[in-house]
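Nothing in this text is a laboratory measurement; each read-out follows from the coordinates by a stated rule. Since the model is a prediction, treat every value here as computed from it, not as a measurement. As a convention, Cβ positions derive from the backbone with ideal geometry for all residues, glycine included, and neighbour counts pool all protein chains shown.
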Amino acid sequence: MKILLTGKNGQVGYELERSLQGLGQIVAVDRSQMDLADLDQIRNVIRSVKPDLLVNAAAYTAVDKAESEPDLAMRINAEAPAAMAEEIKILGAAMIHYSTDYVFDGTKAKSYGEDDPTCPVNTYGRTKLSGEQAIQAADIPHLILRTSWVYGMRGKNFLLTVLRLAQERAELRIVDDQHGAPTWSRTIADTTAHILAQAKGARHAKDWWQRSSGLYHLTAQGDTTWCGFTNAILEHSTIEKKPVVTPISTREYPLPAERPTNSKLSCDLLMNTFCDLPDWKSALVLCLK
């Protein structure tokens, strides 16, 4: 199996290039080789590589900046996946794509299921939802994996920001009224690899994809707030002089893009279909080690 992996230098893409080893021939590209803002380049790369599977780990993820760059965010998060899906259909191949908890408005009291109505409250969420819909409309074998609060030891993310600020400040004021599941980028990559190993091991791959294609939620289990996540990071970090963590409300920390209050996703469908997922605290401890 030839696998074309986009976004190889991103948080999830970096882990995927390692987790997918042994599942096929991996052709990993970064932005310099395949810029998702250039639809012609996307088509040319796919036609050149001719993959059996496209794993799209690249995206426009600057949530606040997207409010001032809606056209660019839409091109990368929606038009690019649409172009990918069109090319994948011509090849008779399959596609894996990652989406976000931000497709929901956060007003539901319980965890969101895959069938719950979507209603994004910011530009980033709207563009990611459009990307999902484009792939679904292409009628190709696909897995769309929605995740949340992604962190890791690379790139820009909440974990690395907390570790940096904790060494610079005596107090951290952190939002405590948004709920979700912090998800390690390696959890996403390893789970993807585990799912693909099942596909590879199936007697008839085409039947497996026909049976398994669809939308799934993939996050660590359990939930917390950004403040709770911060306390856990500091508890398991090696920082000796830890700052005081003060809980604040979303209203006290205004940002250009609105955030959903509830980002909890139910992963029962994925776990009942493919494999278990780790608790968010356990994954965090492993990441920090």
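Suppose we keep only residues that are outside any strand (DSSP E or B) and small (Gly, Ala, Ser) within the stretch 13-48. Which one would you say is nearest to Ala82 (Cα to Cα)?
Per the criteria, the residue is Ala37.
Of the numbered conditions (1) over 26 Å from Glu87 (Cβ atoms); (2) in a loop (DSSP other than H, G, I, E, B), Asp139 satisfies every one except a single condition; which is it?
Unmet for Asp139, out of (1) over 26 Å from Glu87 (Cβ atoms); (2) in a loop (DSSP other than H, G, I, E, B): (1).
Do you know which residues across the stretch 261-289 are in contact (Cβ under 8 Å) with a residue 12 or more places away in the chain, closer than 30 Å to Leu196 by Cβ and assigned to a loop (DSSP other than H, G, I, E, B)?
Ser263, Lys264, Ser266, Cys267, Phe274, Cys275, Leu277, Pro278
Tell me, which residue of the stretch 255-289 that is among the small types (Gly, Ala, Ser) and touching a helix residue (DSSP H, G or I) at 6+ places or on another chain (Cβ under 8 Å) is farthest from Ser99 (Cα to Cα)? Give the derivation first.
So the first thing to find is which residues in the stretch 255-289 are among the small types (Gly, Ala, Ser), and the list is 257, 263, 266, 282-283.
Restricting the remaining residues to those that are touching a helix residue (DSSP H, G or I) at 6+ places or on another chain (Cβ under 8 Å) gives 257, 263, 283.
On the way: Ala257: 17, Ser263: 13, Ala283: 20 Å.
Top of the filtered list is Ala283.
Yes/no matrix, rows are residues, columns are (1) over 25 Å from Lys206 (Cβ atoms); (2) within 19 Å of the chain's Cα centre (by Cα):
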site	(1), (2)
Met1	no, no
Leu4	no, yes
Leu16	no, yes
Val29	yes, yes
Gln33	yes, no
Ala59	yes, yes
Ala62	yes, yes
Ala66	yes, yes
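Considering only the stretch 250-279, state which residues are over 14 Å from Thr147 (Cα atoms), among the hydroxyl-bearing types (Ser, Thr, Tyr) and touching an Asp or Glu at 6+ places or on another chain (Cβ under 7 Å).
Result: Thr250, Thr261.
Mind listing whichever residues of the stretch 203-227 are of a type in the set (Lys, Arg) and either assigned to a helix (DSSP H, G or I) or in contact (Cβ under 8 Å) with a residue 12 or more places away in the chain (or both)?
First, pick out the residues of the stretch 203-227 that are of a type in the set (Lys, Arg): 203, 206, 211.
Result: Lys206, Arg211.
Here's a check for you: in the stretch 17-64, which residue that is touching a Ser or Thr at 6+ places or on another chain (Cβ under 9 Å) and touching a residue at least 60 places away in the same chain (Cβ under 8 Å) is nearest to Leu143 (Cα to Cα)?
The qualifying residue nearest to Leu143 (Cα to Cα) is Val55.
Looking only at the stretch 161-195, which residues are in contact with a Cys (Cβ under 8 Å, 6 or more places away or on another chain), of a type outside the set (A, V, I, L, M, F, W, C) and buried (at least 18 other Cβ atoms within 10 Å of the Cβ)? Steps first, answer last, please.
Within the stretch 161-195, the subset in contact with a Cys (Cβ under 8 Å, 6 or more places away or on another chain) is 174-176, 184, 186, 191, 194-195.
After this cut, where a residue has to be of a type outside the set (A, V, I, L, M, F, W, C) as well, the list is 176, 186, 191, 194.
Asp176, Arg186, Thr191, listed by residue number.
Give the residue, chosen from Phe104, Phe158, that is buried (at least 20 other Cβ atoms within 10 Å of the Cβ), among the aromatic types (Phe, Trp, Tyr) and touching a residue at least 40 places away in the same chain (Cβ under 8 Å).
Values: Phe158 fails: buried (at least 20 other Cβ atoms within 10 Å of the Cβ).
That would be Phe104, the only listed residue that is buried (at least 20 other Cβ atoms within 10 Å of the Cβ), among the aromatic types (Phe, Trp, Tyr) and touching a residue at least 40 places away in the same chain (Cβ under 8 Å).
Quick check on my filter: what residues within the stretch 68-115 are outside any helix (DSSP H, G or I), among the small types (Gly, Ala, Ser) and under 18 Å from the mean Cα position of the chain (by Cα)? Give the steps one after another, and end with the answer.
Pass one, the stretch 68-115, residues outside any helix (DSSP H, G or I): 68-69, 92-100, 104-115.
This time we only want the ones that are among the small types (Gly, Ala, Ser), so: 68, 92-94, 99, 106, 109, 111, 113.
Answer for the stretch 68-115, where residues must be outside any helix (DSSP H, G or I), among the small types (Gly, Ala, Ser) and under 18 Å from the mean Cα position of the chain (by Cα): Ser99, Gly106, Ser111, Gly113.
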